[in-house]
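Q: One structure is given below, represented as structure tokens, and several questions about it will come after.
The values are calculated or read from the model by the stated rules, or taken from the named source; none is laboratory data. Quick caveat, the model's predicted, so the values are computed rather than measured. Using ideal geometry, Cβ is built from the backbone for each residue, glycine included, and neighbour counts are taken over all protein chains shown.
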Amino acid sequence: MDSEVKEPQADAALDACGIKCPEPLMLIRRELRKLPDGAKLKVTGDDPSVTWDVPALCRNMGHQLVYKDTSKAPYTFIIEKHRPDRGPQAGDQPQPH
């Protein structure tokens, strides 16, 4: 996933620019709780740590990271909220730090 891939449509958005980790992760979790399963949340943030923290949050919580652009700040992510029957997918790979 990179900036050359077309950004998918999101159902909700969270602007975490100007907020330092771990606060963006707490806000993401709060926003995802509000959304129905299968909904997509667009997250933007400018703290460099979100580039590895957001993918890790998705892996650890079973959400799918369907888009990311970490080529320059603000960084953009689109997270699809997990469904109860969805576990980790075959293509889910840990990202190097």
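Q: Taking the condition of being out of contact with any Lys or Arg (no Cβ under 9 Å at 6 or more places or on another chain), at pLDDT 55 or above and over 16 Å from Q9 (Cα atoms), how many residues in the stretch 62-97 meet it?
A: Here the count works out to 9.
Q: Just the residues that are of a type in the set (A, V, I, L, M, F, W, C) and surrounded by 12 or more Cβ atoms within 10 Å (Cβ to Cβ), please, taken from the stretch 1-22. Don't jump to the end; show me each part of the working.
A: As a first pass, look at the stretch 1-22 and keep what is of a type in the set (A, V, I, L, M, F, W, C): 1, 5, 10, 12-14, 16-17, 19, 21.
Answer for the stretch 1-22, where residues must be of a type in the set (A, V, I, L, M, F, W, C) and surrounded by 12 or more Cβ atoms within 10 Å (Cβ to Cβ): M1, A10, A12, A13, L14, A16, C17, I19, C21.
Q: A further question follows. Hey, can you tell me all the residues within the stretch 23-34 that are without any contact (Cβ under 8 Å) to a residue 24 or more places away in the chain and either within 22 Å of K72 (Cβ to Cβ) or surrounded by 15 or more Cβ atoms within 10 Å (Cβ to Cβ) (or both)? Steps first, answer last, please.
A: In the first step, residues of the stretch 23-34 are kept if they are without any contact (Cβ under 8 Å) to a residue 24 or more places away in the chain; the result is 23, 26-27, 30-31, 33-34.
Of everything in the stretch 23-34, those that are without any contact (Cβ under 8 Å) to a residue 24 or more places away in the chain and either within 22 Å of K72 (Cβ to Cβ) or surrounded by 15 or more Cβ atoms within 10 Å (Cβ to Cβ) (or both) turn out to be E23, L27, E31.
Q: Another question about this same structure. What is the one condition in (1) in contact with a strand residue (DSSP E or B) (Cβ under 7 Å, 6 or more places away or on another chain); (2) at pLDDT 95 or above that D2 does not satisfy?
A: Tallying (1) in contact with a strand residue (DSSP E or B) (Cβ under 7 Å, 6 or more places away or on another chain); (2) at pLDDT 95 or above, D2 fails exactly one: (2).
Q: Filter the stretch 35-78 down to the residues that are of a type in the set (D, E) and not in a strand (DSSP E or B), then identify the one that is surrounded by the most Cβ atoms within 10 Å (Cβ to Cβ). Can you show your working first?
A: So the first thing to find is which residues in the stretch 35-78 are of a type in the set (D, E), and the list is 37, 46-47, 53, 69.
Filter once more, keeping what is not in a strand (DSSP E or B): 37, 46-47, 53.
Values: D37: 13, D46: 16, D47: 19, D53: 17.
So, considering only residues that are of a type in the set (D, E) and not in a strand (DSSP E or B), the one surrounded by the most Cβ atoms within 10 Å (Cβ to Cβ) is D47.
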